[in-house]
Amino acid sequence: MPLFMHINLTTRKIFVILILAEIVTTTISIFTGSEFYFCLKPFIHIGLTIFIYLFTTPKYNIKRQKKFVNQITIMATIAYILIYFLSGILFSFANNPLNMKSYNIIFNILYYIPTAISVELIRYRLTNTFNYQKRLKNIVFLSIILTFYMSNIPVSNFMALNSFIETFYQIIIPNFVIGCFLSYVALNGSLYSCIIYTLCPTLFNLFSPIVPNPEWIITVIIKTIIPLLCYTLLDRTITQEKKKSQKKSKTLPYYLGIGIMTILVLFSCGIFRYYPVAIASNSMNPTFSRGDIQIIDKEKKEYQKGDIIQFYGINNTIFVHRVISTRKEGSKIYYTTKGDNNDTVDLMEISEDKVIGKAILTIKYLGYPTVWISEIL
């Protein structure tokens with residue numbers, strides 16, 4: 001038997017090797033151009049997968065709920081594709097950004113599919129080799145590393161703060177959540193269900209001539225909520241088998257956390273009738289100040305003198321000022337506005353179609369983080 005079959009690398013060494021491999025591929029992408037990079041990266045992943053399988057030995061083999069975990073994972077895959085497609089019906093579709101010419105389809109298949117399979121092979125192998133006492137920490141760290149492997153994020157996305165924040169919320173967070181969920185599946189289910197969950201959406205995006213084009217926050221919600229809900233269901237079922245007495249105490253925080261997170265995200269994005277806006281200036285002092293949050297009611301109606309409204313002003317800049325007079329011209333209504341702390345009225349009248357909504361509630365100080373970030377950007 002070859003000597004390397006008796007060598008087992010430690011988890012720390014494996015992580016170092018994974019990080020170095022990512023640094024090498026990123027460096028190659030900078031100096032060689034995208035085409036060479038896309039041709040080379042799948043082979044690096046395949047070679048790394050073979051290396052890990054040669055120098056690691058799985059330890060965790062007891063999977064009491066394997067069949068159930070696989071069933072839920074496959075159902076989650078189907079649900080994700082259906083909901084993702086439904087988002088296109090509700091919002092809009094767009095032409096597939098990937099080049100759909102035959103030779104480009106083959107090129108995309110050779111790049112994306114081996115990469116996806118390699119990542120799941122690595123995830124499955126390492127998840128089942130982790131020491132029990134340090135498993136959670138190792139799974140989180142592995143999910144972070146594999147998030148960058150799967151995301152194919154250009155280095156330029158990290159060069160400016162605004163592009164970094166956009167990348168963090170749109171790509172890193174959802175892929176990290178999916179990675180943690182698939183690590184849980186790898187620990188309690190099979191390799192095949194992990195590959196199916198990763199590969200099916202990839203194949204859909206590769207072969208569909210049109211793809212859903214909702215607001216990015218909708219895509220992020222779909223990508224994160226489905227694995228979180230599935231994890232909650234799986235964890236509850238497996239926990240019931242181990243300790244039935246702990247069922248309520250373990251599952252309730254998960255449901256509450258998911259529910260609160262979903263409501264907060266939807267509320268912040270203006271999905272509901274009411275939504276928050278951070279105040280960036282002191283033009284309305286002392287009514288409210290910079291760093292406060294105003295809750296806006298988006299219901300369209302005729303506003304009266306004294307109402308505080310949010311509207312699009314010059315160059316579509318958004319203001320929150322008070323109505324000091326109204327004027328009707330035919331069927332249209334125009335508003336003259338002014339900040340309480342300003343000496344003069346605003347430069348232009350606001351037509352009713354420029355009004356977003358009415359400010360109805362002030363929350364002190366909670367808007368400062370948003371204001372600071374916007375100033376940095």
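Computed from the coordinates by the stated procedures, all read-outs in this text should not be read as laboratory data. From a predicted model like this one, the values you see are computed outputs, not experimental measurements. Neighbour counts are summed over all protein chains in view; Cβ atoms, including those assigned to glycine, are modelled from backbone coordinates with ideal geometry.
Potential lengthening of the chain between THR317 and GLU215 amounts to 34.6 nm, from the contour at 0.36 nm per residue minus the alpha-carbon distance. When only the Cβ of Lys, Arg, Asp and Glu is charged (+1, +1, -1, -1), the dipole of the range 293-345 relative to its Cα centre reaches about 200 debye.
If R0 equals 30 Å, the separation of the Cβ atoms of TYR132 and ARG236 corresponds to a calculated FRET efficiency of about 0.90.
The ALA79 and PHE272 beta-carbon pair, evaluated with R₀ = 25 Å, returns a calculated FRET efficiency of approximately 0.55. Computed from backbone phi, the HN-Hα couplings of the range 323-336 come to 6, 10, 6, 10, 8, 9, 9, x, 8, 9, 10, 10, 10, 9 Hz, rounded to whole numbers (Karplus: 6.51 cos²θ - 1.76 cosθ + 1.60, θ = phi - 60°; Gly and Pro given as x).
Taking amide H positions as modeled 1.01 Å from N, with prolines and chain starts lacking one, the residues under 5 Å from ILE333 and 5 or more places away or on another chain are GLU352. Applying 1/(1 + (r/R0)^6) with r as the Cβ-Cβ distance of LEU347 and SER163 and R0 = 41 angstrom yields a FRET efficiency of 0.80.
Placing dummy labels 7 Å off each Cα toward the beta-carbon, the span from LEU90 to ILE105 is 3.0 nm. Here the Karplus relation 6.51 cos²θ - 1.76 cosθ + 1.60, evaluated at θ = phi - 60°, turns the backbone of the range 288-296 into coupling constants of 8, 10, 4, x, 7, 10, 9, 8, 9 Hz, with x for every Gly and Pro. Based on the alpha-carbon gyration tensor of the range 190-234 and its eigenvalue square roots a ≥ b ≥ c, which shape applies: rounded if a/c is under 1.5, prolate if not and a/b is larger than b/c, or oblate? Note, shape of the range 190-234 comes out oblate.
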